[in-house]
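Shown next, in structure tokens, is the structure this report addresses.
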Amino acid sequence: MHFDIFSLFPSMFRGPLEESILKRAQERGYVSIAVHNIRDYATDKHHITDDAPYGGGGGMVMKPEPIFAAVETVLAGETGVPIILLTPQGRLFTQAVARELAGYRRIALICGHYEGVDERVGQYLATDEISIGDYVLTGGELAAMVIVDAVTRLLPGVLGDPGAVLEDSHADGLLEGPHYTRPAVFRGWAVPEILLSGNHAAIARWRREQALLRTLQRRPDLLAKANLTPQDRQFLAKFEPS
Ligand code: 6GU
């Protein structure tokens, strides 16, 4: 997978993508990331990338020309590459969207800034608009990093254990249950007995029930959309307010 990121602040990307799993994924060739400075594609003497909004009002708006020039230059001759504008007005980024994006060979991410981006970027250049949540960031850079991270860890080979992504929170529409490691008793707090039992079928059932319970307690909105078996429903029925 290759990511092309278009930003006015390329140095924001230096740290986060160069640690841990993302670093290893790049070193091993599963993913490559190119950060392009939109300012380099402004053709005027001062490399201006923003301007006052038509119609008045506060704030500045990112000009269309440098963004179009940057994306069209970098993606020249390419077809079928999603061009994603990061904006709080976009569709919500979820695990399902991460899986969808992981199916592409190359993805372009445009980081918006200031009060917004000239509407013609969303209309005539971007093929998609994505938001990472219902809050406002100072720019799309952190959102782009979130997407690169969530998508990269889904690529085959990136995680050591291929089963890990199947057990993730949200992978099947449920939150994950609790995890424990040694010591068996820490400050008097014991690990649930069942996990020490060696009964793998019972442990699997317990984990499923913990995931169901945690989702019911913390994110009941997810339960409505989750893939539940009759056994799951029977278990949850015990906790329904009667
Ligand atoms: Cl993609 N951009 C900005 N500026 N704020 C956001 C966002 C994106 N997603 C949530 N908030």
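Here the label points at residue 40 and residue 196, each 7 Å from Cα along the C-beta direction, are separated by 5.8 nm in the simple model.
For the stretch 160-224, the convex hull spanned by the alpha carbon atoms encloses 111 Å³ per residue.
If you run the Gaussian network model on the chain, springs between alpha carbon atoms under 10 Å, then out of 124, 30, 104 the most flexible one is 124.
Relative contact order for the chain using alpha-carbon pairs under 8 Å, separation at least 6, rounded to a whole percent?
Numbers: 333 pairs, mean separation 44.7, N = 242.
The normalised contact order for the chain reaches 18 percent.
Full extension of the segment from residue 119 to residue 75, taken as 0.36 nm per residue of separation minus the current Cα-Cα distance, would add 13.8 nm. Entry comment: accessible area of the stretch 122-242 is 65 Å² per residue, from protein heavy atoms only and a probe of 1.4 Å.
Each label was represented as a point 7 Å from its Cα along the Cα-to-Cβ direction; for residue 48 and residue 161 these points are 5.6 nm apart.
Compute the distance from the alpha-carbon center of the stretch 64-83 to that of the stretch 18-35, in whole Å. After rounding, the separation between the Cα centres reads 23 Å. With springs only between Cα atoms under 10 Å, which of 33, 130, 194 fluctuates most in a Gaussian network model of the chain? Among 33, 130, 194, the largest mean-square fluctuation in the Gaussian network model of the chain belongs to 194. Which residue fluctuates the most in the chain, going by a Gaussian network model with Cα springs under 10 Å, if the choices are 53, 230, 64? Maximum fluctuation in the GNM of the chain, among the listed residues, is at 230.
Here the chain has an Rg and Dmax of 22.5, 72 Å, counting Cα atoms alone. Ligands, DNA and RNA left out, the 1.4 Å accessible surface of the chain is 53% carbon and sulfur atoms.
Below 8 Å, C-alpha to C-alpha, sequence gap of six or more: please give me the relative contact order for the stretch 53-164 in percent.
Relative contact order, the stretch 53-164: 34 percent.
Here the extension length gained between residue 224 and residue 27 equals 66.9 nm, from 0.36 nm per residue of separation less the Cα-Cα distance. Site-free segments of the chain were taken between trypsin sites (Lys or Arg not before Pro) in DSSP loops having at most 10 other Cβ atoms within 10 Å, sites themselves excluded; the longest one is 106-186. Put the Cα centre of the stretch 226-242 next to the Cα centre of the stretch 108-177 and the gap is 31 Å. Every Cα-Cα pair of the stretch 116-242 was included, and the share exceeding 22 Å stands at 58 percent. Bin by bin, in steps of 5 Å, what percent of the Cα pairs in the stretch 71-115 do you find, going until the bin that has the longest distance? Here the calculated profile for the stretch 71-115 is 5, 17, 26, 24, 16, 10, 2. Subtracting the Cα-Cα distance of residue 19 and residue 136 from their residue separation scaled by 0.36 nm leaves 39.5 nm.
The values are calculated or read from the model by the stated rules, or taken from the named source; none is laboratory data. This is a predicted model, so every value here is computed, not measured. A quick note on method: Cβ atoms are made from the backbone with ideal geometry, for glycine too, and the neighbour counts reach across all protein chains shown. Protein only, heavy atoms only, side chains kept; ligands, DNA and RNA dropped before computing areas. Shrake-Rupley method; radii C 1.70, N 1.55, O 1.52, S 1.80 Å.
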